[in-house]
Amino acid sequence: MGYMAPSTKDLSFSPEDNLSRYLYRIREYPMLEPEEELDLARRWQENQDEEAARRMVTSHLRLVAKIAMGYRGYGLPVGELISEGNVGMMQAVKRFDPERGFRLATYAMWWIRAAIQEYILRSWSLVKMGTTAAQKKLFFNLRKIKAQMQAIDEGDLHPDQVTQIADRLDVSETEVVNMNRRLSGSDQSLNAPLRQDADGEWQDWLVEETEDQESRLADTQEFSERRDMLDAALQSLSERERHIISERRLKESPATLQDLSAEYGISRERVRQIEVRAFEKLQKSVKNAVIERHISH
């Protein structure tokens, strides 16, 4: 479509300027009733009514903040995470089809999370994240595993916990220790007050561990779409490339370069070169698929 995405540029405050003030101010925007949301969505879709779009965006600013709080452990300012999530919210409003029967919040969750995750990946260099699939898995799963193990104390993990996580994610214990320190370095106390002169703590804004039905539906749809794009991208590879990338990057227990070297009768360096080339092809194919999907929407 030729029209521009809705904007919150008319707001007189920003999460990056004063986060606690922002979190209190966004509570002033009322939640929308289903009928009201449907009417506003139709006004935007049919007439590009900017006021309708603004009301849809601002009524969901609390949702953006709540989701962004779930990513607060990556060492990035929460205000910036919320700002990126707001961009995703605007994109969701632009593409929302009210006739499909879902509420805007259900549809917007994917866009909000995608915008925040993309920002995190842009902000963390490959040097910090690590270049292997296992190291990236560690980057995005360490906090969840720590919560499951009830390893919530600040500081270094207990050696037994380090060993368990390293075995579970197939990385070295040193990588677990280093990643934990990176992700924990900028954490604040969950009981820290938002403001000194008002009630409310940071933990009040954390995402609940138990997902509701709408969240589970959005996650399922997101996973299905990404899986379809990956499957299509794999078909663009040769049989050998597809097998090597699958064995090295897509399995819980990746094959070693030595294993594949023996299987194909080539050097380990040659296997590594094929893996790198195949991964670059996958990245390009998936990126093009994402662009085409956004255009089609």
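The values are calculated or read from the model by the stated rules, or taken from the named source; none is laboratory data. Quantities reported herein were computed from a predicted structural model and do not represent experimental measurements. Reconstructed Cβ throughout: ideal geometry from the backbone, glycine too, with neighbour counts over all protein chains shown.
I want to confirm something. Restricting to region 103-157 and keeping residues that are basic (Lys, Arg) and surrounded by fewer than 19 Cβ atoms within 10 Å (Cβ to Cβ), which single residue is modelled with the lowest pLDDT?
Lys128
Considering only region 228-278, state which residues are surrounded by 18 or more Cβ atoms within 10 Å (Cβ to Cβ) and assigned to a loop (DSSP other than H, G, I, E, B).
Leu237, the sole residue that qualifies.
Would you call Ala289 surrounded by 17 or more Cβ atoms within 10 Å (Cβ to Cβ), on the phi < 0 side of the Ramachandran plot and at pLDDT below 75?
Taking the combined requirement at face value, the residue satisfies it.
Pairs only if they're at least six apart or on different chains, beta carbon under 7 angstrom, first in region 275-289 and farther than 14 Å from Glu241 by Cα, second modelled with pLDDT under 80 and part of a helix (DSSP H, G or I); list them, first residue then second.
Matching pairs, first to second residue: Val286/Met229; Val286/Leu230; Ala289/Met229.
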